[in-house]
1. Confirm whether Leu180 is within 16 Å of the ligand (Cβ to nearest atom), farther than 24 Å from Ala109 by Cα and at pLDDT 95 or above.
2. Please determine, by comparing only the residues of region 38-63 that are over 28 Å from the mean Cα position of the chain (by Cα) and among the small types (Gly, Ala, Ser), which one is modelled with the lowest pLDDT.
3. Among the residues in region 323-332, are any within 18 Å of the chain's Cα centre (by Cα), in the same structural domain as Ala103 (by TED's automatic domain parsing) and either open to solvent by 30 Å² or more (accessible area, probe 1.4 Å) or more than 16 Å from the ligand (Cβ to nearest atom) (or both)?
4. Please count how many residues of region 291-316 are more than 12 Å from the ligand (Cβ to nearest atom), open to solvent by less than 40 Å² (accessible area, probe 1.4 Å) and aliphatic (A, V, I, L, M).
5. I'd like to check something: does region 178-185 contain any residue that is surrounded by fewer than 23 Cβ atoms within 10 Å (Cβ to Cβ) and either touching a residue at least 60 places away in the same chain (Cβ under 8 Å) or closer than 21 Å to Val284 by Cα (or both)?
6. Can you find a residue in region 282-290 that is open to solvent by 20 Å² or more (accessible area, probe 1.4 Å) and either of a type in the set (Ser, Thr, Tyr) or within 16 Å of the ligand (Cβ to nearest atom) (or both)?
7. Lys87: assigned to a helix (DSSP H, G or I) and over 18 Å from Phe334 (Cα atoms), yes or no?
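The values are calculated or read from the model by the stated rules, or taken from the named source; none is laboratory data. Predicted model only: the values in this text are computed from it and were never measured. Cβ coordinates were reconstructed from backbone atoms using ideal geometry, including for glycine residues, and neighbour counts include every protein chain displayed. In case anyone asks, the SASA skips ligands and DNA or RNA and just uses the protein heavy atoms, side chains included. Shrake-Rupley method; radii C 1.70, N 1.55, O 1.52, S 1.80 Å.
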Amino acid sequence: MKPINVGLLGIGTVGGGTFTVLKRNAEEISRRAGRPITITAVADKNLALAREVTGGGVRLTDDAFSVVADPEIDIVVELIGGYGVAKELVLKAIENGKHIVTANKALLAVHGNEIFAAAQKKGVMVAFEAAVAGGIPIIKALREGLSANRIDWIAGIINGTTNFILSEMRDKGLSFAEVLKEAQALGYAEADPTFDIEGVDAAHKATIMSAIAFGIPMQFDKAYIEGITKLDATDIVYAEQLGYRIKLLGIARRREQGVELRVHPTLIPEKRLIANVEGAMNAVLVQGDAVGATLYYGKGAGAEPTASAVIADLVDVTRLHTSDPEHRVPHLAFQPDQVRDVPVLPIEDVVTSYYLRMRVDDKPGVLADITRILADSSISIEAMLQKEAVEGESQTDIIMLTHQTVERNANAAIAKIEALTVVSGKVTKLRMESL
Ligand code: HSE
C-alpha cells in the first residue's frame with residue numbers, strides 16, 4: 001500500500017530517535033498502521049547533522065517552511081520546540097491541510113486553543129502524546145482509556161530534571177545548588193534549566209492534562225507555579241522524619257467552584273507508590289470516579305522513549321486520516337462544543353494541608369502561643385516535631401503538619417505566627433497531599 005509521507009521538523013534528540021525507531025521497527029509499525037510510514041523530508045538548521053542521522057536517503061533542507069508547503073507531505077512532525085517559529089510552522093501546515101504530530105508542550109499549553117480551533121476548522125488532526133511525560137501514554141489514557149470516568153484529580157511527577165535533583169538531595173544530603181551543578185555536568189539538566197527548576201515545564205504539562213481531563217480550555221496563564229529553587233535540604237530531612245517525601249508535583253483538581261491547577265514542591269506520604277519514583281523517571285496518578293486511582297510510570301524524556309510517543313501518534317493519524325473528521329477522537333477529549341470555560345482557582349482558594357517549619361525561642365509557652373493561633377483559625381494539627389535545642393543555643397525548630405484548610409486561612413495564621421516575638425524570621429510553608 002502507498003506509504004504515508006511524513007515531514008520532520010527538527011532532527012535533534014527526539015527527531016533522531018524518531019528516525020531511528022521508525023526505521024528499526026518499520027515492518028512492525030506498518031503491520032499496525034496498515035501502510036508504511038515514511039519520512040520523506042527533514043528540515044533542520046544543522047544540515048550536516050541531518051545528513052549524519054538520516055544517512056542522506058531523504059530530502060534534507062534548512063527551510064522548514066518548504067516542508068510544510070510540500071504537497072507530497074501528509075503529516076508534519078514538529079520537534080523544534082518553543083512558541084516562536086514552531087507556532088508559525090504549525091499554523092501554516094494546518095492551513096495547508098497537513099496533520100500535525102508535536103512534542104511541544106509549551107506551544108500547546110500557551111497557544112493550544114488557537115491551534116486546535118484552526119485544526120478543527122480545517123478537519124486535520126493535532127496529536128501530542130509526546131508533549132506530556134515522554135514515553136508514558138498518558139494522553140491516550142486520559143482521552144480514551146478513562147473516558148467513562150468523571151476525573152477528580154491528577155497528580156504527576158512530570159519533570160525528570162527536578163525529580164533527579166530532589167532524589168539526589170535526599171540520598172546524598174546535598175543542597176539544591178550542589179545537585180544542580182552535578183546534574184548539569186552529567187548532562188541531565190540543560191545549560192539553562194530555568195523552565196525545569198522553576199516549574200514552568202511541569203506547568204505546561206499539567207495545563208495540557210487539565211484540559212483533556214476536565215474538558216476545559218488551556219489556561220496556562222492561570223496556573224500557580226512554584227519550582228524547587230528555594231527548597232531547603234533541611235525540609236527534605238524533616239519531611240522524611242515525619243514519613244514523607246518531597247516531590248515537585250503538577251496537580252489538577254476538579255472543585256465545585258472551578259479547577260485547581262498548580263505546580264509546587266509537595267509532601268507525599270512515603271508509602272505511596274508515587275513517592276518512590278526516583279531519579280529522572282516520571283509518574284502520573286489519575287483519580288477517576290469509576291476506576292479509582294490509576295498510576296502511569298516510565299521515562300519522561302530521552303530520544304527513544306519520546307520517539308515511542310511520536311510514532312504512536314503517527315500510527316493513529318495514519319489509521320484515521322481518511323476518516324470523517326466528525327468521528328475522530330476530539331483533540332481535547334471532549335467534543336469541541338462541549339469544552340466548558342471553567343475558571344482556574346487562584347492559589348489562595350486552594351484547599352490542602354501544610355508543612356510548617358519555624359524557628360522559635362526554646363522557652364515555656366511558645367508552643368501554646370502557636371497552637372492558639374492555629375486553633376483560632378480552625379486549623380487542626382496532624383503531627384508535630386520539635387528538635388532538641390543544640391547545646392548552647394536558645395532557639396530550636398518546630399515542624400507542624402496541619403489538616404486541610406483553605407490557603408488564604410493558612411496564610412493569615414502564618415502571618416500571626418511570624419508576628420510573635422518568640423518566632424524568628426519567616427515560617428517555611430510547603431503544601432502536602434495525601435493522594
Ligand atoms: N525537560 C523535561 C524534563 C523533559 O526534565 O522532564 C522534556 O519534557
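1. Here the answer is no, as Leu180 does not meet what is asked.
2. Gly56
3. Let us first name the residues in region 323-332 that are within 18 Å of the chain's Cα centre (by Cα), namely 332.
Now narrow it down to the ones that are in the same structural domain as Ala103 (by TED's automatic domain parsing): 332.
When the remaining residues are screened for being either open to solvent by 30 Å² or more (accessible area, probe 1.4 Å) or more than 16 Å from the ligand (Cβ to nearest atom) (or both), the result is 332.
Taking every residue of region 323-332 in turn, at least one turns out to be within 18 Å of the chain's Cα centre (by Cα), in the same structural domain as Ala103 (by TED's automatic domain parsing) and either open to solvent by 30 Å² or more (accessible area, probe 1.4 Å) or more than 16 Å from the ligand (Cβ to nearest atom) (or both).
4. Number of matching residues: 5.
5. no
6. No, region 282-290 has no match at all.
7. Working: assigned to a helix (DSSP H, G or I): yes; over 18 Å from Phe334 (Cα atoms): yes.
Taking the combined requirement at face value, the residue satisfies it.
Here is a yes/no grid of residues against (1) within 23 Å of Glu190 (Cβ to Cβ); (2) surrounded by fewer than 16 Cβ atoms within 10 Å (Cβ to Cβ); (3) touching a helix residue (DSSP H, G or I) at 6+ places or on another chain (Cβ under 8 Å):
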{"position": "Val21", "(1), (2), (3)": "no, no, yes"}
{"position": "Ile39", "(1), (2), (3)": "no, no, yes"}
{"position": "Val42", "(1), (2), (3)": "no, no, yes"}
{"position": "Asn46", "(1), (2), (3)": "yes, yes, no"}
{"position": "Gly57", "(1), (2), (3)": "no, yes, no"}
{"position": "Gly81", "(1), (2), (3)": "yes, no, yes"}
{"position": "His111", "(1), (2), (3)": "yes, no, yes"}
